[in-house]
Amino acid sequence: MEKLMGIILPMLEGSGITLQIFFVTLAMALPLGLLVALARLSKFRPIRFLMEVYIWLMRGTPLMLQLLFVYFALPMVGIRLPDIAAALLAFTLNYAAYFAEIFRSGIQSIERGQYEAAKTLGMSYVQTMRRIIIPQMLKRVLPPISNETINLVKDTSLIYILAMNDLLRVARTIVQREFDMMPFLVAALFYLAMTFVLTWIFKKLEAHYAKYDE
Amino acid sequence: MDRDIMIRMKNIYKKFNDLEVLKGIDLEVHRGEVLAIIGPSGSGKSTLLRCLNRLETLDCGSIEVEGEFLAKEENGVAHYAVKEDAHRILSKMGMVFQQFNLFPHMTVLENLIEAPVHVKGMKAEEIIPVAEALLDKVGLLSKKDAYPGRLSGGQQQRVAIARALAMQPDIMLFDEPTSALDPELTGEVLRTMRHLAEEHMTMIVVTHEMAFAREVAQKVIFMADGEIVEQGTPQEFFGNPQQERTKAFLQNML
């Protein structure tokens, strides 16, 4: 029993870091992704081009490389961020790019007639997007957003290379010290529990949006 | 200028890439008049309507709505009014689409009050009684809390008419309002439009419903290949068409 607690308590602490990365990344990357999607659909070619380059860079290189870059390369040019902030920066920029593409596809799937109806009723671009297009888009993108969100839970484990004591790194440390594979099993259960909760939340959200058909 | 002229379009030209869709259209609509625009598909009749409320941009020509220029022709090019003026002029026209285009994530009542609240800045409690009265008029008050997806096509189109009316337009534009409906559902929509005409709403109706054009319209315009081929009162137009194109078209339709 005591031994089990010796495993679980540090792992709970480790999952604190994991959850912190997860929630803060989500809270920043979702709105940022929406802004990037709107900019990516902008009428102004330079803005559109800039967003395409950004998305290409973020999707075209490994997240681990991006983490290493923010953590090790930025300090060389004089930008020194606290450990956790560095990780959050890389995660947010990376996930915002993926969310942006999901939001963009959702926005583009809304029929032209919706824009036309809004326009003939006198609604401005901002009103049309905020009140008509984005709410309908959110319903359609829930499944892919749910996918990405679950990916994020697992991707948080990449920060072990930055020597931060997240859930997986704590587990590995204990395994190496005690020659006991139990911590891996516990880590798996932690991740499964988190994704179970997420799956449940997204199910509820989909049920909420199912109140109207299209 | 004749105060009774609600809409005057002059010398309207519109191209999509290299395709000339409208080739010099002139038309006038008087207060309280119902104008029916008919013609084969591809004749430019929907484009003409969409130019009127700026869903399409003119290449050349002028549009006057109740004496104000939405677009003015200068040196062969259409120049639009500045944003605020254009917004005010456009708000005088309500539009009904072939595909209804109701907002699926809002209830019927929310669809009606959306623009009055967020565009005109009315209070919900001011507009809700008006919206409910309109729904009652189109026979759908009992559906006010339903989502559009639960309604039949005919019901959706009647809601769409009520939604446009909730903005209190002076002119109603209808773009083939019954073309997406099953035949047994067109009647209820046409009845609603007939009531509107009886209340002297100024209406422009692009339609394939010859019976409606004949019985409700005061003026009929027949378009083909981007031009007005023939126009007149329904009696003249249906009773004694002058042009061969018109005769051939009517023969096919009736």
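The values are calculated or read from the model by the stated rules, or taken from the named source; none is laboratory data. What you are looking at is a predicted structure, and each value in this text was computed from that prediction instead of being measured. Positions of Cβ are backbone-derived with ideal geometry, glycine not excepted, and every protein chain shown enters the neighbour counts. In case anyone asks, the SASA skips ligands and DNA or RNA and just uses the protein heavy atoms, side chains included. Shrake-Rupley method; radii C 1.70, N 1.55, O 1.52, S 1.80 Å.
Odds and ends about this structure:
- Within segment A:52-101, if we keep just the residues that are of a type in the set (Gly, Ala, Ser) and open to solvent by less than 50 Å² (accessible area, probe 1.4 Å), the residue that is modelled with the lowest pLDDT turns out to be A:Ala73.
- Members of segment A:180-211 that are touching a residue at least 60 places away in the same chain (Cβ under 8 Å) and either farther than 21 Å from A:Glu13 by Cβ or open to solvent by 80 Å² or more (accessible area, probe 1.4 Å) (or both): A:Phe202, A:Leu205, A:Glu206, A:Tyr209
Conditions (1) open to solvent by 50 Å² or more (accessible area, probe 1.4 Å); (2) more than 22 Å from B:Val206 (Cβ to Cβ); (3) not β-branched (Val, Ile, Thr), marked per residue:
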{"site": "B:Lys120", "(1), (2), (3)": "yes, yes, yes"}
{"site": "B:Ala124", "(1), (2), (3)": "no, yes, yes"}
{"site": "B:Leu134", "(1), (2), (3)": "no, yes, yes"}
{"site": "B:Lys137", "(1), (2), (3)": "yes, yes, yes"}
{"site": "B:Arg163", "(1), (2), (3)": "no, no, yes"}
{"site": "B:Ile171", "(1), (2), (3)": "no, no, no"}
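- Residues that are surrounded by 21 or more Cβ atoms within 10 Å (Cβ to Cβ) and at positive phi, drawn from segment B:196-245: B:Gly226
- Taken together, the residues in segment A:102-112 that are within 14 Å of chain B (Cβ to nearest Cβ), small (Gly, Ala, Ser) and open to solvent by 10 Å² or more (accessible area, probe 1.4 Å) amount to 1.
- In segment B:34-58, the residues that are closer than 15 Å to B:Pro177 by Cα form Cβ pairs under 8 Å with partners that are part of a loop (DSSP other than H, G, I, E, B) and among the charged types (D, E, K, R), at six or more places apart or across chains, as follows: B:Ser46/B:Glu176; B:Thr47/B:Glu56; B:Arg50/B:Glu56.
- Strands (runs of 3 or more DSSP E) lying entirely in segment B:45-162 (those with 1 or more residues that are closer than 29 Å to B:Phe16 by Cα and facing chain A (nearest Cβ under 9 Å)): B:93-96
- For B:Ala81: the one exception among (1) crowded, with 20+ Cβ neighbours inside 10 Å; (2) in contact with a Leu (Cβ under 6 Å, 6 or more places away or on another chain); (3) more than 22 Å from B:Leu165 (Cβ to Cβ): (1)
- Residue in segment B:13-21 that is open to solvent by less than 10 Å² (accessible area, probe 1.4 Å), in contact (Cβ under 8 Å) with a residue 12 or more places away in the chain and within 26 Å of A:Leu121 (Cα to Cα) present: no
- Residues within segment A:58-83 that are in contact with a Leu (Cβ under 9 Å, 6 or more places away or on another chain) and touching a residue at least 24 places away in the same chain (Cβ under 8 Å), tallied: 8
- Selection count where residues are outside any helix (DSSP H, G or I) and facing chain B (nearest Cβ under 7 Å), scope segment A:119-155: 3
- Whichever residue in segment A:38-51 is hydrophobic (A, V, I, L, M, F, W, C) and surrounded by fewer than 13 Cβ atoms within 10 Å (Cβ to Cβ) and, among such residues, is nearest to A:Ala97 (Cα to Cα): A:Phe49
- Restricting segment B:1-46 to residues that are among the hydroxyl-bearing types (Ser, Thr, Tyr) and out of contact with any Leu (no Cβ under 9 Å at 6 or more places or on another chain) leaves a set whose member that is farthest from B:Ser62 (Cα to Cα) is B:Ser41.
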